[in-house]
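The values are calculated or read from the model by the stated rules, or taken from the named source; none is laboratory data. Keep in mind that this is a model prediction, so the values were computed, not measured. Note that we place each Cβ from the backbone using ideal geometry, even for glycine, and neighbour counts take in every protein chain shown.
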Amino acid sequence: MNREKVIFAFFIVLALTLNFGFFIGEIDNPDHHDVLELFLALVVSLICTVLKFGDRSHLGALMLATSLVADLQLIISAGIWAYGEHIAASGMEAEVMASVVSFAGGALVANITSVILLMVETALIRR
Amino acid sequence: MNDILYVLLRRLRVPLITLIVVYAVAVLGFTLIPGRDDAGNVWHMDFFHAFYFVSFMGSTIGFGEIPYEFTGAQRMWTLVTIYSSVVAWLYGIGTTLTVFQDSGFIRLRRLRTFVREVRGLHERFYLVCGYGVTGNHVVRELIDHGVRAVVVDIDQERIDSLELDGLVMPVPALCADASLPDILDYAGLQNPHCVGVLALTNSDNVNLAIAIASKVLMPKRLVISRSENDITSANLASFGTDMIVDPFRSYAEYVALAAHSPHRHLVYDWLMNPEHRSLASVYRREKGRWIICGYGRFGRNIARNLQQEGTEITVIDPNPDSIRGMSSAVLGIGTEAITLQQAGVESAVGVVAGTANDADNLSIIMTARELNPKLTTVVRQNLSANELVFANSRCDFIMQPGKIIAAQILARLKIPLMSVFLDHLMQQDEVWAHTLVNRMNATVGDEALESRSIRIDESSAPAIQCKLDEGVEVKLISLLKNPHDRRETLECFPLMLRRNGDVKALPGELTLVEPGDEILFCGRKRDLTKFEWTTHNYNTLHFILTGEDATQSAIQRWISGRVQN
C-alpha cells in the first residue's frame, strides 16, 4: 500500500463528496446549502490542485486541468455568495443562491471527471 | 523542456499545502468563535469577513479589528493565526528561494537557456567541444571572422572564462560532458545551421565519442578531432573523420621542419600565422647533435622526426625505464649543469626542453645557454598563464602545440584550399620554397601576409562567370589588376589553381580562367579585399579587361550592340 496514493485519493474523493454535499438540495433555497460546506469544498479542492502539481504524465496533466476547473468554479461560486450576502442591497435572493449552487454544480462535474481519471489510472497501472 | 516548472511545482507542494491549510483553519476558527457586536449581541463572523481579516492579517498584521471590536477569545485566536500564518509564509518563501539556489535547479536553468540560445541561432555555426588553448583560439578567430560558435566544456571555470574573454558576439556555452549524445544534441548537433563539429577536449575517448556521434547522426557534417595517440587517430580515420590533429606530432613536425628545411618552414609559418617572422629570421641550420630533455610524448616525436633526417640526438630523462636500451642517453632532469655536461652540451647545436614542467623547461634553457651560448633553443610551454615569461625567454622556438593545431584547424575551416597547398609545399624542395619566400617577401615586405581563395561560379564570382558566359577570355593577371587603376597591379599573387581536381602550384599570370576553377591568392590584406570589385562587379571587370567603362543598363547595352552591328 502506498501512503502517498491513499492521501491523494482521499483528497480527491473528499473534494467530490463535499462539493456534492453543498450542491444537493433545492437550487434556490439558501436553507438547503451550507456555506461551511462550500468553504471546505474550496479548501480541499485547492489542496487537491497542489497535490497534482509536478506529475509529468499525460493523465497527470488532465487531472491538474480538471482540478483547476473545479477551483475556478468554486472561487466564482464563493465570490457570488459573498456578493449576495454582503454587497447586494437586497441580500441573498433566490436567483443569487441559484447561481451560487449552479457554479458549484459545474465544479461537481469537474470533480467527478477527476475521480473517473483516478479510477482509470488505478485500473491501468496495477501495482 | 518544461522541466523547470515541474521541478519548481513539485518542490513547492508541501509549502503550498501548508499555506492553504493554515489559512483554512484560521478562517474556519474565526467563523466558529462567537463575538459581540456593538450592541452586545452574540455575533458570528461570516466566511467573507473572516477571509478578509485573515488575508490582511497574514500579510501585514492588521488594520484593526473589524467589523466589531474582538472579544478575548477572538483575540487569542488572532494571536495563534498571526504566528502560524507568518511561519507558513516564511516557509513557503524560504523553500522557493532554496529551490532557485539549488545546484541541480541552476544546472537545469542553464541548460534551458543554452538550448534556447542554440535554437535561436539562424546562421551557420561551429560546435566546439573543449575550450582549452586550442578551443579558445579557434572560437576567438571564428568570432572575429563573423562566424558563430557554440561551446561545450566539462569545466565550469572555462565556461566562466568564456564570458570574461570579451568576444564581440555572444557564444552559447554549457558546462557538460560532451561525450553524451544528448548534450551534443542540445548543443545543436542536429541543427541544420551547424556546419562543423570540433572535438578538441583533452581526452581521446571523449573526442572519439563526439566524432562517432556526429558521424552517425549527421554523416555529411565536417568533423575535426584532436587525438593524442596513433590508435585513436586510426580509429577516427576509420569512420571518416574529416581532419585529425595530433598536437604532439604536429609540433614535432613543425620543429623538425624548422631544423631541416627552414625556407619551407618559413612559407608554412607565413601562411598559417598572421604575425610572421621576418625573412632574416630564417633559421640557419648547423649540422650537429641535438639534446632532448624529457623523453615523453613530445620528446619521442621530436626525436623520431630528427632521426628521420639523420640528425644525431642525445636524450636526457629522469625516468630510467623510458631511456632503457638507448645508446646515447643521460639520466636526470637536465636543469643542472652536470647533467647537461654529461650529455655533451658544449658540442651540441640545439637543445629541446620538453618536460611537462614549465619552470624546469626554462631552467634547462638558461643553464644550457650559459654553457653554450650558440645553442638553438626549443622550449615547451605547458600553461598559457606563463606566456609573459616565455615570450621574454629569448628562445628560438616556443612550443605551444595548442596554438599550432588551432592554426591548422582555422586554415582548414577558413580556406580549405590552403591545406591542399601546404601538402603540395611539403613535397617541394628547399630551392622552390626559397624562391617562394623571396616572392612573398617582395610582395608584402614586413606586413601581414593574408590569403584567400575564390571559386569561379555564379555565387562567389558573378562578374567573371558572366564575362566567361559571354565568351570573353579572362586571364589570371586581370584579377590582379587594381580595380581603380588598371595600370597598377595589386600586391598579391596566385599560389595555386585547382581545376577539375588537378592542382597547379604558382600558376602563370597568363593562364586563362575557366568556370569552376578554384584559385588561392596570397598578398597584402588590404589588396586582397579589393578583389571583390573585380569578382563581383561586372562594370569594374569590364573596365579592367578593356579599359572602357561598361555601358550601364540593359537598354544601353542593347543599343550599343546594335550600333556596333
- For region A:79-96, which residues satisfy the criterion of being out of contact with any helix residue (DSSP H, G or I) (no Cβ under 6 Å at 6 or more places or on another chain) and within 13 Å of chain B (Cβ to nearest Cβ)? A:G79, A:Y83, A:E85, A:I87, A:A88, A:G91
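Might you check whether a residue that is farther than 30 Å from B:D185 by Cβ, within 12 Å of chain A (Cβ to nearest Cβ) and assigned to a helix (DSSP H, G or I) occurs anywhere in region B:63-80?
Taking region B:63-80 and keeping what is farther than 30 Å from B:D185 by Cβ, we get B:63-80.
The next check asks that each one be within 12 Å of chain A (Cβ to nearest Cβ); those that pass are B:67.
Retained after the next criterion (residues that are assigned to a helix (DSSP H, G or I)): none.
Within region B:63-80, not a single residue is farther than 30 Å from B:D185 by Cβ, within 12 Å of chain A (Cβ to nearest Cβ) and assigned to a helix (DSSP H, G or I).
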- Message: Quick test of your reading of the structure: B:T18 fulfils all but one of (1) within 30 Å of A:G54 (Cβ to Cβ); (2) more than 12 Å from chain A (Cβ to nearest Cβ). Name the failing condition by number.
- Response: (2)
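So, B:S225, is that one assigned to a strand (DSSP E or B) and closer than 23 Å to B:D423 by Cα or not?
Values: assigned to a strand (DSSP E or B): yes; closer than 23 Å to B:D423 by Cα: yes.
When the stated conditions are applied, B:S225 passes them.
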- Residue within region B:373-391 that is closer than 18 Å to B:D269 by Cα and surrounded by fewer than 18 Cβ atoms within 10 Å (Cβ to Cβ) present: yes
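Conditions (1) surrounded by fewer than 16 Cβ atoms within 10 Å (Cβ to Cβ); (2) without any contact (Cβ under 8 Å) to a residue 12 or more places away in the chain; (3) more than 13 Å from every other protein chain (Cβ to nearest Cβ), marked per residue:
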{"position": "A:E4", "(1), (2), (3)": "yes, yes, no"}
{"position": "A:F22", "(1), (2), (3)": "no, no, no"}
{"position": "A:F39", "(1), (2), (3)": "no, no, no"}
{"position": "A:V43", "(1), (2), (3)": "no, yes, no"}
{"position": "A:T49", "(1), (2), (3)": "no, no, no"}
- Query: Can we say A:L59 is hydrophobic (A, V, I, L, M, F, W, C), within 11 Å of chain B (Cβ to nearest Cβ) and over 21 Å from B:P15 (Cα atoms)?
  - Reply: no
- Query: How many of the residues making up region B:362-376 are closer than 13 Å to B:G334 by Cα and touching a Gly at 6+ places or on another chain (Cβ under 9 Å)?
  - Reply: 4
- Message: Here are the criteria: (1) at the interface with chain A (Cβ under 9 Å from one of its Cβ atoms); (2) more than 17 Å from A:A41 (Cα to Cα). Tell me which single one B:G35 does not satisfy.
- Response: (1)
- Query: Assuming A:F53 fulfils every condition listed in (1) within 11 Å of chain B (Cβ to nearest Cβ); (2) touching a residue at least 60 places away in the same chain (Cβ under 8 Å) apart from one, which condition is it?
  - Reply: (2)
- Query: Can you name the strands (runs of 3 or more DSSP E) wholly within region B:82-201 that have at least 2 residues being under 13 Å from the mean Cα position of the chain (by Cα)?
  - Reply: B:125-129, B:148-153, B:194-199
- Query: Name the residues in region A:15-34 that are in a helix (DSSP H, G or I) and under 17 Å from the mean Cα position of the chain (by Cα), would you?
  - Reply: A:A15, A:L16, A:T17, A:L18, A:N19, A:F20, A:G21, A:F22, A:F23
- Close pairs (9 angstrom Cβ cut-off, 6 or more residues apart or separate chains): on the phi < 0 side of the Ramachandran plot and among the acidic types (D, E) in region B:148-171, in a loop (DSSP other than H, G, I, E, B) and buried (at least 20 other Cβ atoms within 10 Å of the Cβ) anywhere: B:D153/B:G130; B:D153/B:Y131; B:D153/B:A176; B:D153/B:A178; B:D153/B:T201; B:D155/B:Y131; B:E163/B:V171; B:D165/B:V171
- Task: Scan region B:492-511 and give yes if some residue there is at pLDDT 75 or above, aliphatic (A, V, I, L, M), in contact with a Lys or Arg (Cβ under 6 Å, 6 or more places away or on another chain) and under 24 Å from B:Q428 (Cβ atoms), otherwise no.
- Result: yes
- Quick one: in region A:84-101, which of the residues that are in contact with a Phe, Trp or Tyr (Cβ under 9 Å, 6 or more places away or on another chain) and surrounded by 15 or more Cβ atoms within 10 Å (Cβ to Cβ) is nearest to B:F48 (Cα to Cα)? A:E85
- Those helices (runs of 4 or more DSSP H) lying entirely in region B:379-472 with at least 2 residues within 21 Å of the chain's Cα centre (by Cα) and within 29 Å of B:R297 (Cβ to Cβ): B:401-414, B:416-426
- Message: Looking only at region B:314-340, filter to residues that are among the hydroxyl-bearing types (S, T, Y) and under 18 Å from B:A356 (Cβ atoms); which one of those is surrounded by the fewest Cβ atoms within 10 Å (Cβ to Cβ)?
- Response: B:S322
- Task: Working carefully through the options B:V25, B:V86, B:V54, find the one that is surrounded by fewer than 18 Cβ atoms within 10 Å (Cβ to Cβ) and within 14 Å of chain A (Cβ to nearest Cβ).
- Result: B:V25
- Would it be correct to say that A:I12 is more than 13 Å from chain B (Cβ to nearest Cβ), in contact (Cβ under 8 Å) with a residue 60 or more places away in the chain and in a helix (DSSP H, G or I)? yes
- Query: Within the group B:A176, B:A213, B:A199, which residue is in contact with a helix residue (DSSP H, G or I) (Cβ under 8 Å, 6 or more places away or on another chain), surrounded by 24 or more Cβ atoms within 10 Å (Cβ to Cβ) and not assigned by TED's automatic domain parsing to the domain that holds B:F298?
  - Reply: B:A199
